[in-house]
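Shown next, in structure tokens, is the structure this report addresses.
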Amino acid sequence: MNYIEPLFRPPSEARSLILQVTNGCSWNKCTFCEMYTQSQKKFHPKAQAVIEQELAEVAASRTPVRRIFLADGDAMTLSYRRLRLILESINKYLPDIQRVASYCLPRNIKNKSVEELAELHALGLKLFYVGCESGDNLVLELVNKGETFDSSLAALKKIKAAGSKSSVMILNGMGGHKYSEQHAINSAKLMNAAQPEYLSTLVVSFPQGSKRYQAGFKGEFTPLDQPGLFQEMLTLLEHLELDTTIFRSDHASNYLALKGTLGKDKQKLLSIIHTAMETPDALPLREEWQRGL
């Protein structure tokens, strides 16, 4: 595969074939995201002929492929027609594929009908990784996400109506100290309304510095320390009312790894967070050198 670097994928797609159908992100304005800031990642779709050639090469190699992840960060910005052609090509060359997945910006679902998404689902596109980041409109505005509570909810509901699944990400610490509580509460409200199949959290981080992020907050962003992150996670979980959502907060950026199904494991997870806040030495918290993106 001739990838345009850098290349990213969700952790759960580690064993999937990464099929790069676009380059970069069509939005690429979120101040917390450093994935596609390099000059070589200017957004553009990959030609269908090139995608077909790559699929033919994979098929000729006889490498067993069961799952495919459509890269880069914004494959769903492609039209329904283009996505259908890509999925038809996948099924042509790799007929044993069990699932195709993709990152998805909520705005890219707006112009696709439930019927169109259902047809894409029938062709194998069954899982969408949706970076909602927050359910709080003010925080979303401050980080230039270009989405709102309503736009995120509309996308998640449409995905569910089409028979596909959503894996949603919320960013712990995204609102800093000032907006921590409302970020957690409104993120929980969004998840309660959407009832996604999967929910994960990671801690907002700034490997290349926080200058761009601070500009959106007009210099008022104060990062949460470890106790603050635990308190925000506690508030989020306290307000979550989910039925059968698989929850993961085990990304390397988190001090405390949490896993469970909400709601049956809610009280257990809350107990773990209380322990982390009251007697942190009793838990295997990550050291600073162990954390990262």
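The values are calculated or read from the model by the stated rules, or taken from the named source; none is laboratory data. Predicted, not measured: the structure shown is a model, and the values here were computed from it. Cβ: placed from backbone, ideal geometry, glycine included. Neighbour counts: every protein chain shown.
Of the residues that sit in the stretch 40-60 and are of a type in the set (D, E, K, R) and not in a loop (DSSP other than H, G, I, E, B), which one is surrounded by the fewest Cβ atoms within 10 Å (Cβ to Cβ)? Once the filter is applied, the top-ranked residue is Glu57.
For every residue, the table says whether it meets (1) aromatic (Phe, Trp, Tyr); (2) closer than 23 Å to Leu190 by Cβ.
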residue	(1), (2)
Leu234	no, yes
Ala252	no, no
Tyr255	yes, no
Thr261	no, yes
His274	no, no
Leu283	no, no
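Scanning the stretch 61-81 for residues that are in a helix (DSSP H, G or I) and among the acidic types (Asp, Glu) turns up nothing. For Gly176, are the conditions met, namely being modelled with pLDDT of 95 or more and over 26 Å from Arg99 (Cα atoms)? Here the answer is yes, as Gly176 does meet what is asked.
Looking only at the stretch 244-293, which residues are among the acidic types (Asp, Glu) and within 20 Å of Met169 (Cα to Cα)? Scanning the stretch 244-293 gives Asp250, Asp265.
Listed by first and then second residue, the pairs linking a residue in the stretch 240-267 that is surrounded by fewer than 18 Cβ atoms within 10 Å (Cβ to Cβ) to a residue that is among the aliphatic types (A, V, I, L, M) and modelled with pLDDT under 90, with Cβ atoms under 6 Å apart and 6 or more places separating them unless they lie on different chains, are Asp250/Ala257. Could you please let me know if Lys110 is surrounded by fewer than 19 Cβ atoms within 10 Å (Cβ to Cβ), at pLDDT below 95 and not small (Gly, Ala, Ser)? So Lys110 fits the description; yes. Restricting His183, His177 to those that are farther than 21 Å from Asp265 by Cα, touching a helix residue (DSSP H, G or I) at 6+ places or on another chain (Cβ under 7 Å) and assigned to a loop (DSSP other than H, G, I, E, B) reduces the list to His177. Annotation note: Cβ proximity below 9 Å between a residue of the stretch 77-106 that is under 17 Å from Val50 (Cα atoms) and in contact (Cβ under 8 Å) with a residue 12 or more places away in the chain and a residue that is part of a strand (DSSP E or B) and polar (S, T, N, Q) (sequence gap 6+ or interchain) occurs for Leu78/Thr22; Leu83/Ser102.
Given the options Tyr129, Tyr179, name the one that is more than 15 Å from the chain's Cα centre (by Cα), hydroxyl-bearing (Ser, Thr, Tyr) and farther than 23 Å from Leu283 by Cβ. Walk me through it before giving the result.
Details: Tyr129 fails: more than 15 Å from the chain's Cα centre (by Cα).
Exactly one residue qualifies, and that residue is Tyr179.
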